[in-house]
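Here is the structure we will look at.
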Amino acid sequence: MDISAETLKVLFADDDFVIRQKVGKALADEGWEVIEAQDGKEAWEKFQQTSPDVVVLDIDMPEYNGLEVIQFIQSIDLHTPLILYSSLVSEKELKKRVRFNFQFRLIKDYDPSFLVYVIKQMYKPKENHIYHLAKDVTFDSCSLELNNQGKITSLSSTIPGKILQALCNNANRLTPRNLLLEAGWGSTQVNLEAQLNKAISQVKHLLKDAKDVTIQTDKGRGYWLKLREEY
């Protein structure tokens, strides 16, 4: 299906009302749902409330500027494509200020049609249920089979398999502990915490030879499955 027929949620933040109207119309004309914010604080709040597919930010905004909003977003999400819509910052400066992941773009052309083009290029819906975790390492989230350099491990009906499935479905985002508990045991009881930690250790062991794949904890909030997504 052509991406223009897809229903995307695009969060667009700019403190200039005229620009919000102009850009918002161009995005809406593509059939996309447009979520507008008039400053950085509202942009951050709406990001958490609506889970947009793409985020477009001006840099010079009240409350929080665009770079600050990006830092907030990347504290919980490295997956959602981000676009900084500004002529006031260079890529060199960006690299100093924020994590520069592959789904980040800086554009300085204020023509809304160009912004639409960039979004279409960035947005890549998953074509199947096979996750490419690293070179020669894949995970099938339907069969729960891990293929590590030709060695197939079936994780069907196992807790580590369910945990890895949840992490893959949320790759490069913070996966909350409650979500992992629900995925593994169908419950969020506190007494399952030790079992979750054990399951995470088992998943780490399964992936220990996979370069560029890490599972990190985040101060008790949950876990990150961090991938180099060019695979």
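The values are calculated or read from the model by the stated rules, or taken from the named source; none is laboratory data. Since this is a predicted model, take the numbers as computed values, not measurements. Ideal geometry is used to build each Cβ from the backbone, glycine not excepted, and the neighbour counts take in all protein chains shown.
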Pick out the one residue from G222, G150 that is in contact (Cβ under 8 Å) with a residue 12 or more places away in the chain and more than 20 Å from the chain's Cα centre (by Cα).
-> G150
Residues in the stretch 96-113 that are at pLDDT 65 or above and surrounded by fewer than 13 Cβ atoms within 10 Å (Cβ to Cβ) total 2
Would you pick out the residues in the stretch 172-197 that are under 19 Å from I76 (Cα atoms) and free of Cβ contacts under 8 Å to residues at least 60 places away in the same chain?
-> T175, P176, R177, N178, L179, L180, L181
In the stretch 43-62, residue nearest to the chain's Cα centre (by Cα) [restricted to those that are of a type in the set (D, E, K, R) and within 22 Å of P112 (Cα to Cα)] | D53
If you take the residues of the stretch 1-60 that are at negative phi and polar (S, T, N, Q), which of them is surrounded by the most Cβ atoms within 10 Å (Cβ to Cβ)?
-> Q38
Does the stretch 40-50 contain any residue that is at pLDDT below 90 and not in a loop (DSSP other than H, G, I, E, B)?
-> no
One residue from A194, A171 being hydrophobic (A, V, I, L, M, F, W, C) and either outside the structural domain of G220 (by TED's automatic domain parsing) or surrounded by fewer than 12 Cβ atoms within 10 Å (Cβ to Cβ) (or both) = A194
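Just to be sure before I move on: is I200 modelled with pLDDT of 70 or more and either within 25 Å of Q74 (Cβ to Cβ) or under 17 Å from the mean Cα position of the chain (by Cα) (or both) in the structure I sent?
Numbers: modelled with pLDDT of 70 or more: yes; either within 25 Å of Q74 (Cβ to Cβ) or under 17 Å from the mean Cα position of the chain (by Cα) (or both): yes.
When the stated conditions are applied, I200 passes them.
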Examine the stretch 51-60 for a residue that is in contact with a Lys or Arg (Cβ under 8 Å, 6 or more places away or on another chain), part of a helix (DSSP H, G or I), at pLDDT 90 or above and in the same structural domain as D16 (by TED's automatic domain parsing), and state whether such a residue exists.
-> no
Residue check, E93 against (1) more than 24 Å from W224 (Cβ to Cβ); (2) of a type outside the set (K, R); (3) at pLDDT 85 or above; (4) part of a helix (DSSP H, G or I), all met but one. Which one?
-> (3)
